[in-house]
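For reference, the structure discussed in these notes is given below.
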Amino acid sequence: MTAPPIRSVVIIGGGTAGWMTAAALARMVQAGVQVTLVESDAIGTVGVGEATIPPIQTFNAMLGIDEKDFLSRTRGSMKLGIEFVDWNAPGHRYLHPFGEYGFDIEGVKFHQIWHRLHAAGQASALDDYSLCAVACRLCRYDAPARDPGSPLSRLVQAYHFDASLYARYLRDYAEVRGVVRREGKIIDVALRGEDGFIEAVTLEDGSRLGGDLFVDCSGFRGLLIEEALHTGYEDWTHWLPCDRALAVPTANTGPLAPYTRATARAAGWQWRIPLQHRTGNGYVYSSAHISDDEAAATLLANLEGEPLADPRPLRFVTGRRKLAWNRNCVAIGLSSGFLEPLESTSIHLIQAGISRLLALFPDSGWGDAERDTYNDFTRTQYEQVRDFVILHYKANARDEPLWRYVREMAVPESLTRRIELFRNRGRVFRREDELFAETSWIAVMLGQGITPQGWDPLADALDPGQLRQMLDRIRSTFRRTAEAMPAHADWLARHCPSRGTA
């Protein structure tokens, strides 16, 4: 017999994770599920994750959000990739663009063809064959085209936005659709004696809030998943030793770039995220290699605009919760794990957790199949993202203690295989459900100095003269297309100027 359906969901914590979850679960309200979110105005949120990756468009589309309205109200800008400065070595920089490089030819991967010609001095830099990369260098942007015959169809985007304004935007969305917000701090979590499931939470005003399913969006604290259920945490600090960050906003300077910048420093790296009304900056660093005061001084000395506030500190331990779904509690966001903001995956991991919860939404029978499937997919995704982030550290030629340590450390076997496969003939194999596309692995492998010793022999079967002509056409077409685009700031001012209250 089918168990009765879940009738009440309680979300603990607001911020980006809480209100993204609430907005998505608002769809369940129409199915007769009561959704309540508990948050306290007295508890701050992390709010430094202002850069995203392209799948955020899928989440917004699921909610029916208008892109221009969303960008206006969150004071957002476009993101076509990430620039890495000084990662391989001081003075070196490269782009990790979204979208694809060039076009595959007769079943041969474009980067294999490019590598063959580039090795012979017959092809220019790989970025010349990516429309996103060319637009980044020119600080240009235009809306992608749906017509596959248009060069603009090769444009793939994500967003920069003010995370606190995004949470506010989604709160409005969720409350209009029936989600109830409760203000207050939680002072007690009651567990059922027979199975250890969460029965209710008690607020500081003495009110008791029961539920069938609880979603923990309480941040690093893990109020439910860890403090109440003692789930445990898998620490990945030995691979990702940065454990602190400082964040500070600055006034905008120079052209509005349609990309995030990550600049390596002696004890970590510094981010720069341009929004319409300000620029987000931060320094992610290892406390074993620099003091907090020195880190603050380094950050402030390397800002491009006037600081608008004092640096805000953040401490974390990279890794993941051993179970993201334990009993009747699902952890989403920082409560489920953290993989530093290097490749802007924090908001995506929230999105992925929400999507899995909707796809595996349980009934009151609490079968193992949904929970185990959720945990398996969450673990796999965290490990895949972990390996990609570790790659940036492992492949470097810097000479500071932190960078020597990460270069010489043993890495997961799954990453070692990927590196060796690429180093041999530039091959990239990935599972279909992996987050990072082939282009991403190629960009970072090459950018970090992993040069293939050869290429796919199928590339040798193609006529080199015809290949040169094709690459010349691709390069010139992308250059002309990018040059015809409006400046990024002009496009935003015309289509989605910032509005609303910060």
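Since every read-out is calculated from the coordinates, none of them should be taken as a lab result. This structure is a prediction, so every number in the text was calculated from the model and none was measured. As a convention, Cβ positions derive from the backbone with ideal geometry for all residues, glycine included, and neighbour counts pool all protein chains shown.
In terms of the mean number of neighbouring beta-carbon atoms within 10 Å, the peptides 283-289, 373-379 order highest first as 283-289, 373-379. Measuring nothing but how far apart in sequence close Cα pairs (under 8 Å, 6+ apart) lie, relative to its length, the chain scores a relative contact order of 23 percent.
Distance from the Cα centroid of segment 300-333 to that of segment 4-24 is 20 Å (rounded to whole angstrom). Residues Met62, Met485, arranged from fewest to most other Cβ atoms within 10 angstrom of their Cβ, appear as Met62, Met485. Computed from phi, the 3J(HN,Hα) profile of segment 93-105 under the Karplus parametrisation 6.51, -1.76, 1.60 (θ = phi - 60°) reads 9, 8, 10, 10, x, 7, x, 10, 8, x, 9, 5, 10 Hz, with x in place of Gly and Pro.
Compute the distance from the alpha-carbon center of segment 35-106 to that of segment 115-189, in whole Å. Result: 5 Å between the Cα centres.
Helix 438-447 and the longest principal axis of the C-alpha atoms of the chain enclose an angle of approximately 60°. Using Cβ point charges alone (K and R +1, D and E -1), the dipole size of the chain about the Cα centre works out to roughly 980 debye. Mean residue ellipticity at 222 nm, helices only, the chain: -11000 deg cm²/dmol; runs of at least 4 DSSP H residues each add -39,500 (n - 2.57), and the sum is divided by the number of residues. Here segment 16-37 is scanned for amide nitrogen atoms under 19 Å from the site 7 Å beyond the Cα of Arg192 along Cα-to-Cβ, giving 33-36.
Defining a contact as two alpha carbons under 8 Å apart and six or more residues distant in sequence, what relative contact order in percent does segment 244-315 show? Relative CO of segment 244-315 lands at 45 percent.
For Cys139, no residue has an amide H sitting under 5 Å from its own, ignoring neighbours fewer than 5 places away on the same chain, with H placed 1.01 Å from N. Compared with the rule-of-thumb size 2.2 N^0.38 Å for a compact globular protein, the chain has a Cα radius of gyration ratio of 1.00. Spin-label pair Asp460-Ala31: with each label point 7 Å from Cα along the Cα-Cβ axis, the two points sit 5.6 nm from one another.
Distances between placed amide hydrogens fall under 5 Å for Ala397 paired with Ala89, all partners being 5 or more residues away or on another chain. Restricting attention to the chain, close to 70% of DSSP beta bridges with both partner residues there are antiparallel.
Panel order for Arg168, Arg404, by other beta carbons found within 10 Å of each beta carbon, from fewest to most: Arg404, Arg168. Phi angles of segment 367-377 translate, via the Karplus equation with coefficients 6.51, -1.76, 1.60 and θ = phi - 60°, into HN-Hα couplings of x, 6, 4, 5, 4, 5, 5, 4, 5, 4, 5 Hz per residue; Gly and Pro are given as x.
Ordering Val85, Val9 from the fewest to the most neighbouring beta carbons within 10 Å gives Val85, Val9.
Rounded to the nearest whole Hz, the Karplus-based 3J(HN,Hα) values (6.51 cos²θ - 1.76 cosθ + 1.60, θ = phi - 60°) of segment 425-434 follow the sequence 9, x, 8, 10, 10, 8, 6, 4, 8, 5, with x at glycine and proline.
Annotation: amide H-H contacts under 5 Å for Tyr259 (H modelled 1.01 Å from N, sequence separation of 5 or more, or interchain): Leu80.
Here segment 244-315 yields Rg over Rh of 0.96, to two decimals, using C-alpha coordinates and the Kirkwood radius.
Applying 1/(1 + (r/R0)^6) with r as the Cβ-Cβ distance of Arg430 and His238 and R0 = 22 angstrom yields a FRET efficiency of 0.35.
Averaging Cα coordinates gives a centre for segment 394-459 and one for segment 254-282; these two points are 24 Å apart.
Protection proxy ranking for 313-325, 16-28, using the average of other Cβ atoms within 10 Å per residue and placing the highest first: 16-28, 313-325.
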